[in-house]
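One structure below.
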Amino acid sequence: MAYPTQATVTEVGMRDGFQMESRILPTEVKVRIGLALIEAGIVRLEATSFVSRTAVPQLADAADLVARLKGRGAALSALVPNVNGARRAAAAGVDRMTVFASASETHNMKNVRRTIAESLAGFAEIGAIAAAAGIGLSASVATSFGCPFEGDVPPGAVLRVVDACLEAGAEEVALGDTTGMATPRIVESLLRVLRDRHPRTPLALHLHNTRGLGLVNVVTGLELGVERFESSIGGLGGCPFAVGATGNVCSEDLVYLLDELGIASGIDLQKLIAVARSVQNEFGRELPGQLMKSGPRLSLPAQSLSNSMRGQSGTVE
């Protein structure tokens, strides 16, 4: 199998993950985490979202956070839900804005309280704001691979949103598996449809691991030439509208997979694991990421491995 020789990882945990946590981290802690991610080699960091401070108090410090991380070694992006958010993001000086809409009408209404048509209507003005400020524009399509309310989402519904995003000036599109409904067959089918329609548009996969297929779907994407992935440190994240929905594909687990496949990401895996453990300590609970628990396959000292294999009798089981 001919995989890409390199892949780009966009870290979204500081936005997608932090917004789901009941504990609101102080800005100083967020800055420390952001700088540690950059030190580990993250060059694309979705740092926050310019949403309502009342609705999402976890991200109320968006402008301050951007100011303190800007120019520190990573391109900073922020999700913008509407024109007001775009103006705030432009004033803060983000490097990239991300517009978003769901491919599912029900999910879009629950997520942003607008119809898909209403969301798409605002994209042109957001694109104009970004262009006037010299800021890059990305797009994210939620529920691209299935909706917890409507079930399967037809490719045409995804294409409708993608077309509108590109028309508004988006330079790249991320396909979101918002509640972990993607399977390799669904991923392959949608990617082929989008490649036929927009062969030169860079596509990214934003996958969740709700049903344990996150990294399997990453491999499917790689087999089809996808070179951009969005992931979350420690596996933070989820969806507030889907019972039992767990977090994003875990960043350190993803980088480990890329390393083992010989795909360069430019990220120092050991440093990333250290960041994941520190984030886990901040929230005081076990996070879903696996690699922070076990380490890479060749990193375990022989004595520790031997001890871990012994039962209470002291014999290897």
If the reach is capped at under 21 angstrom between alpha carbons, list the lysines near Lys293, excluding any in the same chain fewer than eight residues apart. Lys271
Name the residue from Val31, Thr246, Tyr256 whose Cα lies farthest towards the positive end of the charge dipole of the chain, charges +1 on Cβ of Lys and Arg and -1 on Cβ of Asp and Glu. Val31
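Any idea what the dipole of the chain comes to, in debye rounded to 20, about its Cα centre with Lys/Arg Cβ at +1 and Asp/Glu Cβ at -1?
Working: 29 positive and 32 negative charges, 99 e Å.
Magnitude of the dipole: close to 480 debye.
When 1/r is averaged over all different Cα pairs and the result inverted, which Kirkwood radius in Å belongs to region 56-126? It would help to have the intermediate numbers written out before the result.
Numbers: mean 1/r = 0.0762 Å⁻¹.
Hydrodynamic radius (Kirkwood, Cα only) of region 56-126 equals 13.1 Å.
Can you pull the semi-axes for the chain, root of five times each eigenvalue of the Cα gyration tensor, sorted largest first, whole Å? The partial results should precede the final answer.
Values: eigenvalues 203, 106, 68 Å².
The three semi-axes for the chain are 32, 23, 18 Å.
Sort region 1-119 into rounded, prolate or oblate with this rule: let a ≥ b ≥ c be the square roots of the eigenvalues of the Cα gyration tensor; rounded if a/c is under 1.5, and if a/c is not under 1.5, prolate when a/b is larger than b/c, oblate otherwise. Can you show the working numbers first?
Details: a/c = 1.74, a/b = 1.19, b/c = 1.46.
It comes out oblate by the Cα gyration axes.
Length gain on complete extension for the stretch Arg32 to Asp163, per 0.36 nm per residue less the alpha carbon to alpha carbon distance? Provide the component values of the computation, followed by the final result.
Details: separation 131, 0.36 × 131 = 47.16 nm, distance 3.79 nm.
Roughly 43.4 nm would be gained on extension.
Are there GluC sites (Glu not before Pro) in region 80-170 that DSSP puts in a loop and that have at most 11 other Cβ atoms within 10 Å, and which ones? Don't skip to the end; give the middle numbers.
Numbers: sites: Glu105, Glu118, Glu125, Glu150, Glu167; in loops: Glu150.
Qualifying residues, ordered by number: none.
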Quick calc, Val219 & Asn281: beta-carbon distance into FRET formula, R0 25 Å, rounding 0.05, result 0.20
Take the Cα coordinates of region 76-218, assign each an equal point scatterer, and use the Debye formula without solvent to give log10 I(q)/I(0) at q = 0.12, 0.14 Å⁻¹. -0.45, -0.61
State the answer as a single residue: which of Thr8, Ile233, Leu213 lies farthest towards the positive end of the charge dipole of the chain, with beta carbon charges of +1 for Lys and Arg and -1 for Asp and Glu, about the Cα centre. Ile233
Using per-residue counts of other Cβ atoms within 10 Å, averaged over each peptide, order 49-61, 31-43 from highest down. 31-43, 49-61
By how many nm would the segment from Ala264 to Ala133 grow when fully extended, if each residue of separation counts as 0.36 nm and the alpha-carbon distance is taken off? 43.9 nm
Please compute the modelled spin-label separation between Lys110 and Thr201, points set 7 Å along Cα→Cβ, answer in nm with one decimal. 2.5 nm
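Bear in mind these aren't lab numbers, they're just calculated from the coordinates by the rules spelled out. Everything quoted here is computed from the prediction, not taken from an experiment. We place every Cβ from the backbone using ideal geometry, glycine too, and count neighbours over all the protein chains shown.
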